[in-house]
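Have a look at the structure below before the remarks.
We did not get these values from a lab; they are worked out from the coordinates using the rules stated. In this text the structure is predicted, and so the values were computed from the model without any measurement. Don't worry about glycine lacking a Cβ; one is built from the backbone with ideal geometry, like all the others, and counts go over all protein chains shown.
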Amino acid sequence: MSVSTRIANLGRRFLDKLALPAAVGRVLVQSLAGVVRRFSKRGRRHLRRGEVRRQLYQLGNRSLWFVLITLSFLGMVMAYQTCLQLSRVTGDFSQVGQQMMRLVIGDFGATLTGMMLATRVGAGIAAELGSMKVTEQLDALRMSGVLPIDYLVVPRLCASVVMTVVLSLLGGLAMLGAAGLTARFSFGVNPRVFFDPSAVTFAHLGVGLVKAASYGVAIPVIASACGMSARGSSEGVGWATTAAVIGGSFAVLALDFAWSVAAYVVFEGQL
């Protein structure tokens with residue numbers, strides 16, 4: 001193989017790696033423009049009546065028990081392990097609840113919920129849009145004068161932002177409740193001591209809500225970009241689903257780190 005051929009193959013592989021990030025950026029810009037068009041007469045003709053309401057149910061209500069149960073078990077494990085280690089060192093459990101509330105409200109509630117939704121919601125969106133792509137239904141929408149972004153992605157984006165915030169709040173409450181019960185019945189921690197909110201500030205709540213909203217944007221955008229980039233047949237849909245789960249999970253972790261650093265710089269004395 002000649003040197004020029006090797007360079008060409010290397011360049012082709014490099015461009016292939018950039019194709020998906022470019023598609024994500026394109027879908028993000030078009031989706032935000034679609035949200036603006038949604039409130040205009042021009043954009044309403046691309047929407048199905050009640051589609052946002054249907055997506056709120058699909059993305060939110062059908063993920064509720066999955067999020068609540070998962071975060072409850074994680075809260076139980078965190079409380080048990082924390083109290084267990086403290087019992088071996090100092091035996092003082094007075095700060096366990098306060099510090100856990102800070103972590104759950106400012107970080108873990110939103111981030112763990114985002115990770116759960118990246119698997120369930122991201123995979124579902126990618127599989128659905130990927131199937132429509134390989135069966136040429138997206139091309140049929142364009143031929144009918146309908147924008148696929150406005151028709152398919154925008155309702156999912158709006159529903160995802162709302163339900164990610166709601167599920168983050170409910171999941172955080174479930175996590176704290178399960179942690180408090182575990183600490184009470186395993187180590188005898190007084191619930192009044194555990195559920196003391198004096199260490200929590202509005203900065204923690206604000207950072208948690210911002211993180212949840214950003215995850216609600218990132219997950220459907222990445223999943224939609226992966227689904228609309230699917231090629232071939234069932235193999236392409238499988239690739240799109242896998243890429244959506246990996247990309248959504250990575251985006252949640254990256255956004256969590258970015259928002260945490262920004263919050264530390266802005267609210268250094270309150271976090």
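Between Rg and the Kirkwood Rh of the stretch 97-160, both from Cα atoms, what is the Rg to Rh ratio?
Reported Rg/Rh (Cα atoms, Kirkwood Rh): 1.24.
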For Leu103 and Gln137, what is the calculated FRET efficiency with R₀ set at 41 Å and r taken between the beta-carbons, to the nearest 0.05? 0.40
Approximate shape of the stretch 93-224 as ellipsoid semi-axes (Cα gyration tensor, √5λ), whole Å, largest first: 41, 14, 8
Helix 154-187: angle to the longest alpha-carbon principal axis of the chain, degrees 0 to 90, nearest 10? 20 degrees
Placing each pseudo-label 7 Å from Cα in the direction of the beta carbon, Arg120 and Ser87 end up separated by a distance in nanometres of 3.2 nm
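Relative to the present Cα-Cα distance, how much length would full extension add between Phe185 and Ser144 at 0.36 nm per residue of separation?
Values: separation 41, 0.36 × 41 = 14.76 nm, distance 6.18 nm.
Extending this stretch completely gives an extra 8.6 nm.
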Checking a compactness column here: for the chain, what do you get for Rg(Cα) / (2.2 N^0.38 Å), N being the number of residues? 1.19
Please give the helix 202-228 orientation as an angle from the longest Cα principal axis of the chain, in degrees from 0 to 90, rounded to the nearest 10. 30 degrees
So, relative contact order of the chain in percent, Cα under 8 Å, 6 or more apart, is 31 percent
Could the peptides 134-140, 170-176 be put in order, highest first, of the mean number of other beta-carbon atoms found within 10 Å of their residues? 170-176, 134-140
